[in-house]
Each structure stands twice: as C-alpha cells, then as structure tokens.
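A.B. asks: Here's a structure for you.
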Amino acid sequence: MKHRLTLITTYIALLLIIISSLACDNPILESRVPQNFPGSRWESDDGSITFTCFQSDENIRFAIGQIVIEEEVINFEMKSSRGGWQHLYYYEDGDGTMSHSLTEQEFEIWNCDYPSKKRFVATVVTTTYFEIDQKIVFHRVDEE
C-alpha cells in the first residue's frame, strides 16, 4: 500500500511539472523570435517574402513586410505570440511611416521553429496565399 501511494504521488508530481512547464515561456525560443531584434531584416529563401522588425514608442515589437506573388504585392504586419506562433495582418501604411497600425485583418498564421537567431522555419497553419503545412525558410539578411 505504501509503495502504491508513493507511485501515485510521483505520477501526480510529474504531471504537475509537465503542465507547469507547458504554461511557461521558453526563454531560448523567445530570445530567437525575429521581433526581438528591432532593425533586423529577414527574407524567405525564395525571396518572395521580406520583412523588417520594429519597436514602437510603447515598447511593442512587430514586423512590417511584403509578400510578392506573381505581380501582386501584399503588405503585412507580423506579430508573434507564445509558443512560436506568427500572425500576419494586412498592413496599410497611410501616412508614409512605418508606424504600428494593425488592421486586425489576420490572413496567415504560422507555427515557427527558431533553430538560431539568424534563421527560422515557418509552417503554414492558416492561409490565404500558401498551402497548409507548407514550410517557409527565413534567414536574416542584415549585419548583426
């Protein structure tokens, strides 16, 4: 009976550790998110997607970029969220500046893997312009 109680207690403790670790941010993952490098410029391997990262006066980090498909240019703002997610919103640059002006019209959701501070791989989850599960590789193009 004592052995069974110890085993149950161990399982509960392990379950609590696993649940609490899933609820916390991964500092290594978060430190590699492109938006954490204001001023950095990024490009997809095929060159069809480019973006630059910014930090607003309110300390909000975001990226502004373009997707070029055939002759169509789609301007976007990209915001990161916990767990490696990137959300793309249509971006309208009304006053000619790169100000933070999110339109709230989300059109892409990507789940990203950040193996380094200079490269990441986005897997398309929700899309308007790509294929579900398509992998898009990005690399940093500015000097660090």
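A.B. asks: Under 7 Å between Cβ atoms, at least 6 apart or on separate chains: pull out the pairs that start in region 127-141 with a residue that is acidic (Asp, Glu) and end on any residue that is outside any loop (DSSP other than H, G, I, E, B).
C.D. replies: These pairs meet every condition: 131/124; 133/123; 133/124.
A.B. asks: Residues to consider are 21, 31; find the one that is exposed (fewer than 10 other Cβ atoms within 10 Å of the Cβ), of a type in the set (Gly, Ala, Ser) and at pLDDT below 90.
C.D. replies: From the options 21, 31, the qualifying one is 21.
The values are calculated or read from the model by the stated rules, or taken from the named source; none is laboratory data. This is a predicted model, so every value here is computed, not measured. Every residue, glycine as well, gets a Cβ built from its backbone with ideal geometry; the counts of neighbours run over all protein chains shown.
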